[in-house]
Amino acid sequence: MRREWTDLEVEELSLRFENSTAEELLSWALNEFYPNIALAFSGQAEDVVVLDIMHKVAPDKIRVFMLDTGRLPEEIYELVDKVREHYGVEIEIYYPDTKEIEEFVKRYGINPFYRDVELRHLCCKIRKVNPLLRALSGLDAWITGLRRDQFPTRATTRKIQIDHDHYGILKISPICDWTWDEVWQYIKKYNLPYCKLYDRGYTSIGCEPCTRPTFVSLGDVTGEELRKGRWWWEKNAPKECGIHCSLEAGSFERHMETVFKLKIKIK
Ligand code: SF4
């Protein structure tokens with residue numbers, strides 16, 4: 001049976017590991033929770049770094065999952081195969097529900113996310129958030145490559161926190177205090193595989209129709225610049241899909257209801 005954590009217990013853990021290295025935290029977490037712990041891999045540079053550290057500290061305790069939205073760029077699939085080969089790991093891939101996709105496309109078309117933020121949120125919910133719920137349903141903890149300076153919504157990320165949006169399991173972000181520069185120094189130092197889109201000016205990788213290059217050079221850049229290529233056409237909307245930021249606590253549910261029940265007016 002899954003352990004129910006209190007906020008106090010997790011706050012204590014969070015404080016205990018705040019100054020720990022990623023190696024120390026991952027070593028503890030994998031020993032404590034394997035096989036009910038897995039890395040969420042989306043092809044970001046950070047994910048490869050975290051996987052590499054997992055492989056160093058506990059190579060026989062690695063589980064990795066990925067959400068295939070059906071709209072990912074080819075370069076992500078190439079990376080997935082490279083990563084499987086490089087580390088000798090399986091990657092558990094979760095797909096969206098076919099019926100939800102079919103209904104969504106029938107009602108709103110192939111690319112409705114360009115027309116309306118609510119429809120973009122709904123697409124992200126169907127293609128990412130719902131599959132994530134399935135991926136996390138049997139876990140006690142998940143591991144992410146989140147970093148605090150990726151975007152203002154991530155500035156308060158803790159190394160260990162309760163994920164109230166996902167069954168109250170633990171969410172572990174071992175490199176949340178790393179900089180963008182440190183991530184790339186690590187990748188170059190150990191010659192890790194990475195998504196080739198980074199060589200073409202991308203600084204955050206997402207679905208193909210919703211991501212474009214930013215041409216921000218490596219160095220001391222702000223998170224807002226790093227993610228400005230995601231949903232670039234939107235104004236005043238958080239650059240989040242709902243996986244890591246529930247957009248004001250569970251608002252995706254409201255978005256779903258708004259769109260499906262009230263049939264929002266499409267711009
Ligand atoms: S990033 Fe774009 S294509 Fe991917 S799930 Fe979200 S809205 Fe849909």
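The values are calculated or read from the model by the stated rules, or taken from the named source; none is laboratory data. Predicted model only: the values in this text are computed from it and were never measured. Methodologically, a virtual Cβ is constructed for each residue, glycine included, from the backbone with ideal geometry; neighbour enumeration extends over all protein chains shown. SASA here: full protein model, heavy atoms, side chains in, ligands and nucleic acids out. Shrake-Rupley method; radii C 1.70, N 1.55, O 1.52, S 1.80 Å.
Annotations for the structure displayed:
- Here E248 does not fit the description of being away from the ligand (no atom under 16 Å from the Cβ), at pLDDT below 75, over 22 Å from V80 (Cα atoms) and not in a loop (DSSP other than H, G, I, E, B).
- E46 falls short of the stated requirement of being within 16 Å of the ligand (Cβ to nearest atom) and assigned to a helix (DSSP H, G or I).
Each row is one residue, and each column tells you yes or no for (1) modelled with pLDDT under 90; (2) of a type outside the set (S, T, Y); (3) touching a helix residue (DSSP H, G or I) at 6+ places or on another chain (Cβ under 7 Å); (4) within 25 Å of Y77 (Cα to Cα).
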| residue | (1), (2), (3), (4) |
| --- | --- |
| I187 | no, yes, yes, yes |
| I205 | no, yes, yes, yes |
| C241 | yes, yes, yes, yes |
| F252 | yes, yes, yes, no |
| H255 | yes, yes, yes, no |
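- Residues that are out of contact with any Asp or Glu (no Cβ under 8 Å at 6 or more places or on another chain) and assigned to a strand (DSSP E or B) were ranked within the range 149-190; the one that is farthest from E18 (Cα to Cα) is D163.
Yes/no per residue for (1) out of contact with any helix residue (DSSP H, G or I) (no Cβ under 8 Å at 6 or more places or on another chain); (2) open to solvent by less than 50 Å² (accessible area, probe 1.4 Å); (3) over 27 Å from E78 (Cβ atoms):
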residue	(1), (2), (3)
R2	yes, no, yes
D7	yes, no, yes
E23	no, no, yes
N31	yes, no, yes
L39	no, yes, no
E46	no, yes, no
V49	no, yes, no
I53	no, yes, no
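- L146 vs. criteria within 22 Å of P96 (Cα to Cα), more than 16 Å from the ligand (Cβ to nearest atom) and outside any helix (DSSP H, G or I): no
- Comparison of Y190, Y167 shows that the only residue that is touching a residue at least 12 places away in the same chain (Cβ under 8 Å), open to solvent by 50 Å² or more (accessible area, probe 1.4 Å), more than 16 Å from the ligand (Cβ to nearest atom) and at positive phi is Y167.
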